[in-house]
1. Would you kindly calculate the translational diffusion coefficient of the stretch 43-89, applying Stokes-Einstein with the Kirkwood radius from alpha carbon pairs, for 20 °C and a viscosity of 1.002 mPa s, and quote it in µm² s⁻¹ without decimals?
2. Quote the charge dipole size of the chain about the Cα centre in Debye, to the nearest 20; the model charges only the Cβ of Lys and Arg (+1) and of Asp and Glu (-1).
3. Starting from the eigenvalues of the Cα gyration tensor, five times each then square-rooted, give me the equivalent ellipsoid semi-axes of the stretch 1-64, largest first, whole Å.
4. So, for the stretch 19-118, what is the accessible surface per residue at a probe of 1.4 Å, expressed in square angstrom?
5. Quick check on my link table: of Lys1/Lys48; Lys1/Lys108; Lys43/Lys108, which ones sit more than 25 Å apart, alpha carbon to alpha carbon?
6. May I ask you to list, by number, the DSSP H helices of the chain whose Cα span along the axis is at least 30 Å and whose average Kyte-Doolittle hydropathy reaches -0.5 or more?
7. Can you list the equivalent-ellipsoid semi-axes of the chain, largest first and in whole Å, using the square root of 5 times each Cα gyration tensor eigenvalue?
8. Quick one: of the DSSP bridges fully inside the chain, what percent are antiparallel, nearest 5?
Amino acid sequence: KLSVLEAGMPGRRVVRVMPNTPCLVGEAASGFALGSLANDDDKEIVKKVFGAVGLAVEVKEELLDAVTGVSGSGPAYVFQFIEALSDGGVRAGLPRNIATQLAAQCVKGAAEMVLQTG
């Protein structure tokens, strides 16, 4: 919690961020909340740093647990879904590499459609 971080660093500007592993490929979905002393310059720095590796959105701190559930843990669920699609392809006769490539591209394409069309 921001209150715990701020108590441990009195007088310091604090920002709490929940990034996710797709930052490794420039496709992160990060949420952040500003501490009580953080200012607009801090906000812009956080948006620039985390925006360089994907999406960075400001939320109220009480929503950071929800951010963790959606985008922090979300990639693990997507990995499982892709693996399940790939397993189905393998069971139907596709080589593993092709099944995984098709499954991953399917998820990537579907995600892009959602981003473009809402």
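The values are calculated or read from the model by the stated rules, or taken from the named source; none is laboratory data. This structure is a prediction, so every number in the text was calculated from the model and none was measured. Counting neighbours? That spans all protein chains shown, and the Cβs are built from the backbone with ideal geometry, glycine included. In case anyone asks, the SASA skips ligands and DNA or RNA and just uses the protein heavy atoms, side chains included. Shrake-Rupley method; radii C 1.70, N 1.55, O 1.52, S 1.80 Å.
1. 170
2. 220
3. Rounded to whole Å, the semi-axes are 22, 12, 9.
4. That works out to 67 Å² for each residue.
5. Too far apart for the 25 Å limit: Lys1/Lys108; Lys43/Lys108.
6. Helices meeting the span and hydropathy rule in the chain are 96-117.
7. They are 37, 14, 11 Å, listed from largest to smallest.
8. DSSP beta bridges in the chain are roughly 45 percent antiparallel.
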